[in-house]
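Visitor: Below you'll find the structure I mean.
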Amino acid sequence: MDFKPLRKDTMLLNMGPSHPAMHGIIRILLELDGERVVKADVEIGYLHRAFEKTAENKTYLQVIPYTDRLNYVSPIINNVGYCMTVEKLLGIEVPERAQYIRVIMSEISRITDHLTCLGPIAMETGAMTVFLYMMRAREFLYDVVEHVTGARLTVSYVRIGGVKADIPSNFDSLLKKGIDDTKKCLKETHGLLSRNKIFIDRTRNVGVISQEEAISYGFTGPVLRSTGFYYDVRKAFPYLIYDLLDFEVPLGERGDNYDRYMVRMQEIEQSIRIIEQAMKKIPKGDVMVEKKKLEPYSVVDMSFLGKRIHPEEVKLSPNLEGSEKERSKFIYSSKFTPPPKEEVYTSIEGLIKHFMFYIPTEGIKPPKGEVYFAVEGANGELGYYLVSDGSSKPYKLHVRAPCFHLMAGFHRMIEGYMVADIIPTFASINMIGGELER
Amino acid sequence: MERKEELKKEIQDRFGEFYVDFSSPFGEDTLIIKKEGILPVLSFLKNYGFEFLLDITAVDYLGKKPRFEVVYHLLSFKEKKRIRVKADVDEDESEVITVTSLWKNADWLEREVWDMYGIIFDGHPNLKRILMYEEFKGHPLRKDYPFRKRQPRIELLYPED
C-alpha cells in the first residue's frame, strides 16, 4: 500500500520475541510512521531444534516422534506425511482400513488446527467468548484423539506400514460428540462473528495479499486459497483415499483476514463431511501392512528359503506411480514392522527378530534413492524430501514447512497497516513455531 | 509421458551445455544440470509452466567430489506436476547464482541453505543466518559437523571436557 508519510522521521519498534502475541519466537522490527507500519523485518530462529540433524542420526522409526513436534496442533498429519514418504521409498501399500483411519484422524487434526487458529483471531479482535467456544469444541476432539492414540498432542500414532492400533469400540459415540459440538460451535460462531460489525471492521481489507504475490512467496493452504487460487494437495495429488471422497475446496476472494477466517470456517465443514463419509465407508480388516497378506514369520522364513512373492501380487497405490517394477521385491524381503508382542514374549525367535528390528543398524532399510512426498497440512503443503543411502538411518530429511513460506511473506501483509492490525493478521495465518523452525 | 519427452528434448536443445541428465526415479521427474545453468534453466522452467517454487535445499555427500548438491523443487499448477532440479556444487567454489529475482520465497530458502550448509548464493540481497544466531560458528547440517557439539552463547559454569 502506498501512502505519504506524515513526518520525516520514523520510529523503530521491536515487537517480540517476548511479546505475548508473537508466541515468544518471532521478532518483528517495525519502522513506524505514527501508528502505521512503513517497513517490517521479520526475524526467526528462536525455536530451532535441529530436527533435520537429529533425523539424520536416528533410525527411520525413531524419527516419527520428532515429526509430532513439527506442527504440534495437528501432529497426525505430520506423522502421515513422514510415514507415507518412507512408504513411497519402500513401495508399500498400506491396508485399506489403515488408509481410512489415517484420513479420519488427519481430518480431525485439521479441525483442531483450524479451531486453534480461529479462536485466537477472535480473541485478538476482542471476542473472548468465541475463543472459549472453540477451545471447548477442540477439547472434545482431543478426547477422541486421546482415546484412539493414547495422547493428546504428541501422538506418534501412524507407523510405517499402517497405524499403531485400531480405533476403539466406542469411537463412534465419541466422534459424534466431538463433531456435534464442533457443528454447534461453528453455528454459534457464525452467529456471533461472521456478520459482526466490529469483527468485520477489524478484519475486512486488513492484511491483504494479492494472488500473484502469494504465489511468488510460495504460500499454500488456506492463505493461498483465501486469495481465490484453487490449489489443494488432496485434489491435485490425491493420496490415501481422498479421491474416493466427495468434498469441496473453499475459496476466498480478496486475501484479507476475513477471507482467511471464512476459508477456515468452511474447511472445517468440509472436513466434517469427509469424516462422515469415511466413517460410513470404512472397511473391516487389519491396520498394519504385513499382517494383511503374510505373517511376519512366514515372510522372514520365506526369505531365508529364498522364496519371493511375485511382484504382480502386490497392489500399489496410485501415488506410487512409476515404482511398480524394480522396488516391489523389497516389499517382502525386508522387514518393516516389528513382530507381534505375543511372539516376542513367548519364543526365542520372536525375541531375536524383535531385537533385530530395533537395533540402530538393522530395522527398516529403504533402497537407495530420493523422494519428495507432500500431504495437505492444515497450513498448506507439508512436504518431506527424503534421501536414503540404503542404511537404517535417513541420509537427509528435509521438511517443506508451509509456515516458513508464510512467514517469509508476512511483512508484505502488515506493511501499510496499523500496529494493532499486526496481531489479528499474525493470528490469521496460524504460524506454528515448531514447524517454522524445525 | 509425451510431455516429459518434449520437455527433455527442449532442455537438451536449448541448454545443451548445462544439461547432464533427465530421469524419473520413483516416478518423480529429476533434472540434473550444471550449476552455471541454474538461473537460465529455472527461468525457462518458470515460463514453461512450473511457476511455483516449492523448496530449495541441499544435500551434503561428504567424501564425494563435488561435495554438495543443491536441490530445487518446482510445481506446475496447470499440469499438476512437480519437477526436481539438482546441481552439483563443490566445497571450494560453492557459489551458486541466486534465484531471488524469479521467486520471492527464494530469499529465505537460500538463507536457510547458506545457514545450514555454507553454500553461498551470489547476488542474494541479504545473505545472513536465519535459523542459527549470528555468532554461530560452522554450518550445522554439514556431515562433518558433530551431532552433539555445543556452542553455548554464555560461558558455562561447569565447562564440559
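No value in this document is a laboratory result; all are computed from the given coordinates. Just so it is clear, the structure is predicted and the values come from calculations on it, not from any experiment. All Cβ positions, even for glycine, are placed from backbone atoms using ideal geometry, and neighbour counts span all protein chains on display.
Visitor: Please list 3J(HN,Hα) in residue order for the stretch A:77-93, calculated via the Karplus relation 6.51 cos²θ - 1.76 cosθ + 1.60 where θ = phi - 60°; whole Hz, with x for glycine and proline.
Guide: Karplus-based 3J(HN,Hα) across the stretch A:77-93 equals 5, 5, 4, 4, x, 5, 5, 6, 5, 5, 5, 5, 5, 7, x, 9, 9 Hz.
Visitor: Any idea how far the Cα center of the stretch A:26-83 sits from the one of the stretch B:24-96, in Å?
Guide: Answer, in whole Å: 24.
Visitor: Further question on the same structure: Once the mean 1/r over all distinct Cα pairs of the stretch B:20-161 is inverted, what Kirkwood radius in angstroms do you read off?
Guide: Final number for the Kirkwood radius of the stretch B:20-161 is 16.5 Å.
Visitor: Can you give me the long-range amide H partners of B:Ala58? Hydrogens built in the peptide plane at 1.01 Å from N, cutoff under 5 Å, separation of 5 or more residues or another chain.
Guide: Under 5 Å from the amide H of B:Ala58 lie the amide H atoms of B:Val71, each far enough along the sequence or on another chain.
Visitor: In sequence order, what are the phi-derived ³J(HN,Hα) couplings for the stretch A:386-394 according to the Karplus relation 6.51 cos²θ - 1.76 cosθ + 1.60 with θ = phi - 60°, rounded to whole Hz, with x for glycine and proline?
Guide: 10, 10, 10, 10, x, 8, 8, 10, x
Visitor: Per-residue ellipticity at 222 nm for chain A, helices alone: DSSP H runs ≥ 4 residues times -39500 (n - 2.57), over residue total, nearest 500 deg cm²/dmol?
Guide: Rounded to the nearest 500, it is -14000 deg cm²/dmol.
Visitor: Stick to the Cα atoms of the stretch B:1-102, pair each with every other, and give me the Kirkwood hydrodynamic radius in Å at one decimal.
Guide: Kirkwood hydrodynamic radius for the stretch B:1-102: 14.0 Å.
Visitor: If amide hydrogens are placed 1.01 Å from N in the peptide plane, which non-local residues have theirs closer than 5 Å to the one on B:Val96?
Guide: Under 5 Å from the amide H of B:Val96 lie the amide H atoms of B:Ile120, B:Phe121, B:Asp122, each far enough along the sequence or on another chain.
Visitor: Of chain A, which part is the longest with no chymotrypsin sites (Phe, Trp or Tyr not before Pro) in a loop (DSSP not H, G, I, E, B) and with at most 12 other C-beta atoms within 10 angstrom?
Guide: Free of exposed loop sites, the longest segment is A:4-229.
Visitor: Oh, and also: Can you find, among B:Val41, B:Ile83, B:Thr57, the residue farthest towards the positive end of the dipole of the stretch B:2-93? Put +1 on the C-beta of Lys and Arg, -1 on that of Asp and Glu.
Guide: B:Ile83
Visitor: Another question about this same structure. What residues qualify as long-range amide H neighbours of A:Glu415, i.e. H under 5 Å apart, gap of 5 or more or another chain, H built at 1.01 Å from N?
Guide: The answer is none.
Visitor: Compute the signed sum of charges (Lys and Arg +1, Asp and Glu -1) over the other residues within less than 11 Å, Cβ to Cβ, of A:Gln277.
Guide: Result for the local shell: 0.
Visitor: So how long is each side of the stretch A:344-396 along the principal axes, counting just the alpha-carbon atoms, biggest first, in Å?
Guide: On the principal axes, the stretch A:344-396 reaches 47, 26, 13 Å in Cα extent.
Visitor: Would you work out if the protein assembly as shown is rounded, prolate or oblate? Take a ≥ b ≥ c from the square roots of the eigenvalues of the alpha-carbon gyration tensor; rounded if a/c is under 1.5, else prolate when a/b is larger than b/c, oblate otherwise.
Guide: Oblate, since a/c reaches 1.5 and b/c is not below a/b.
Visitor: Okay, next question. Any chance you could give the angle, 0 to 90 degrees and rounded to 10, that helix A:257-281 forms with the longest Cα principal axis of chain A?
Guide: Roughly 30 degrees, rounded to the nearest 10.
Visitor: Need one value for A:214-221: mean number of C-beta atoms belonging to other chains within 10 Å of its residues' C-beta atoms.
Guide: 5
Visitor: If you don't mind, there's one more thing I want to ask. Residue-wise, which Karplus ³J(HN,Hα) couplings in Hz belong to the stretch B:108-114, taking 6.51 cos²θ - 1.76 cosθ + 1.60, θ = phi - 60°, and x for glycine or proline?
Guide: 6, 5, 6, 4, 5, 5, 5
Visitor: Something else about it: Given the pairs A:Lys88/A:Lys341; A:Lys281/A:Lys341; B:Lys34/B:Lys104; A:Lys58/B:Lys46; A:Lys365/B:Lys9, which are separated by over 32 angstrom at their Cα positions?
Guide: Violating the 32 Å Cα-Cα cut-off are A:Lys58/B:Lys46; A:Lys365/B:Lys9.
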